[in-house]
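Chemist: For reference, the structure I am asking about is given below.
The values are calculated or read from the model by the stated rules, or taken from the named source; none is laboratory data. Keep in mind that this is a model prediction, so the values were computed, not measured. As a convention, Cβ positions derive from the backbone with ideal geometry for all residues, glycine included, and neighbour counts pool all protein chains shown. Just so you know, the surface numbers come from the protein's heavy atoms only, side chains and all, with ligands and any DNA or RNA stripped out. Shrake-Rupley method; radii C 1.70, N 1.55, O 1.52, S 1.80 Å.
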Amino acid sequence: MLGRALIRTFLSPTVPVAACTTQVAGVHHHKEAGDMKRFTGVARSNKAKANRNTHVNEKLFRRMRGRKTLLVELPEDSAREREADMSPGEMRTELLKRGLNPYKEAQPRVWNEAQVTFQSIYGIADPYVPPETPASFTDVNNKFDEVKQRLQHKFYNWRMGTNRIRKKQGFEKFDVKTFCAKAEDIYVRAHKAMEARDKKEMYRCITEYAFAKMWPDVENGSVRFELVSIVEPSRVVAVRCFDNPPKSGNDIAQITVRMHTRQKLALYDRFGGLLLGSEDEEKDVVEYVVFENHIAVVDGEWRLHGKIYPKWIEPKQGQHITHQLTAKEAEGQVAEAKALPLRTTEKLEEAKKEKEAADSQ
């Protein structure tokens with residue numbers, strides 16, 4: 001047999017013959033060709049010695065190999081379908097049969113439903129906006145991070161923005177400098193359509209993502225809008241282009257425009273009560289408006305998509321909760337002129353208090 005060491009020495013009384021030695025084989029590989037289990041390593045040809053695809057010392061590492069195996073109980077698809085069609089009472093009975101408390105251990109069913117469209121994305125690709133006031137040179141760490149973010153932001157504007165948009169058919173001559181006038185026109189048309197409650201015009205000017213946010217204000221009340229003037233020329237601060245779903249070629253472009261305008265905006269509830277703003281008072285508004293276009297198709301149009309609110313932007317005016325006064329309350333009202341403290345004075349007093357608190361500590 002080849003499994004043993006065969007040493008045969010042929011001796012002759014007259015002529016000496018050299019010894020013939022055969023190499024030792026610990027596993028019977030010659031028998032594995034006819035036995036598929038041995039050939040694949042399922043069955044061992046010699047249980048006392050190592051076989052292929054196994055460790056040399058099998059008894060020592062058997063327990064360690066057993067720890068690597070993790071048994072997971074996966075419910076069958078038929079069981080899931082059956083549970084989905086169960087009524088609450090049937091589900092309660094099924095959980096009690098399994099020994100589970102349906103009021104503590106079982107989680108309630110949750111449905112996450114969202115509208116899916118391929119011509120728009122529900123969100124803003126890059127909400128970062130470069131700060132208008134640069135950081136001080138005294139703070140080296142913040143200044144270095146700010147410069148790094150600005151350079152990275154400009155590179156992405158070209159690499160993932162204008163350069164990618166110009167590769168699409170119909171956008172070969174796209175220029176951000178001429179886009180601002182179009183963005184202002186879309187902005188005004190969108191608010192006028194919202195004021196007139198014209199759904200068709202709104203869908204031409206705003207995306208589905210913006211419509212879900214703007215339509216409740218019109219449906220449950222009314223809006224009055226008027227653009228008085230443009231204080232500063234609008235400028236593009238961010239350009240992004242991406243495909244949705246990823247690696248599908250369905251490219252969607254988003255452009256963020258900084259708009260500084262003087263406008264009148266008033267929001268009323270369904271009873272005619274003023275909630276926000278005023279029809280007579282003009283206000284300077286600085287907004288970062290995002291416009292979107294489905295550039296994967298030739299007939300794609302730029303539409304208002306949303307707004308970005310950086311940290312340095314002043315917060316919005318709160319809602320005015322109004323109610324009608326009774327005759328007795330109207331008589332008790334006394335008109336007295338009071339001097340309102342200036343915002344600058346309040347800030348100085350707050351800074352003084354913080355400095356005194358810091359010195360006391």
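Chemist: With +1 on each Lys and Arg Cβ and -1 on each Asp and Glu Cβ, and nothing else charged, work out how big the dipole of segment 89-313 is about its Cα centre, in Debye to the nearest 20.
Modeler: Dipole of segment 89-313, to the nearest 20 debye: 820 debye.
Chemist: What number comes out for the charge environment of L151, summing +1 per Lys or Arg and -1 per Asp or Glu over other residues with Cβ under 14 Å away?
Modeler: Once all neighbours under 14 Å are counted, the net charge is +3.
Chemist: While we're looking at this one, here's another question. Pop out the carbon and sulfur fraction of the accessible area of segment 89-313 as a percent, whole number, probe 1.4 Å.
Modeler: That share works out to 53 percent.
Chemist: What ³J(HN,Hα) values, in whole Hz, does the Karplus curve 6.51 cos²θ - 1.76 cosθ + 1.60 give for segment 141-149 when θ = phi - 60°, with x put for Gly and Pro?
Modeler: My calculation for segment 141-149 gives 5, 5, 5, 5, 5, 5, 5, 5, 5 Hz in order.
Chemist: Separate question: In whole Hz, what ³J(HN,Hα) sequence does segment 191-206 give by Karplus (6.51, -1.76, 1.60; θ = phi - 60°), x for Gly and Pro?
Modeler: After applying 6.51 cos²θ - 1.76 cosθ + 1.60, I find 6, 5, 5, 5, 5, 8, 6, 9, 5, 4, 5, 5, 5, 6, 9, 10 Hz.
Chemist: At 1.4 Å probe size, with every protein chain present, just tell me what the per residue accessible area of segment 89-313 comes to in Å².
Modeler: For segment 89-313, the solvent-accessible area averages 62 Å² per residue.
Chemist: Can you tell me the dipole magnitude for segment 128-217 around its Cα centre, using point charges on the Cβ only (Lys, Arg +1; Asp, Glu -1), in Debye to the nearest 20?
Modeler: Dipole size: approximately 560 debye.
Chemist: I would also like to ask the following. Taking H placed 1.01 Å from N in the peptide plane, check which residues at least 5 places from R235 or on another chain put their amide H under 5 Å from its amide H.
Modeler: Distant-sequence amide H within range of R235: R258.
Chemist: Next up: Taking 18 Å as the cut-off for C-alpha to C-alpha distance, list the pairs among K200/K283; K182/K247; K192/K264 that go past it.
Modeler: K200/K283; K182/K247
Chemist: Moving on to the next point. Would you mind listing how long segment 89-313 runs along its three principal axes, going by Cα atoms, in whole Å with the largest first?
Modeler: 70, 48, 48
Chemist: HN-Hα J couplings of segment 229-235 from phi, Karplus 6.51/-1.76/1.60, θ = phi - 60°, integer Hz, Gly and Pro as x?
Modeler: For segment 229-235, the Karplus curve yields 7, 10, 5, 10, x, 5, 9 Hz.
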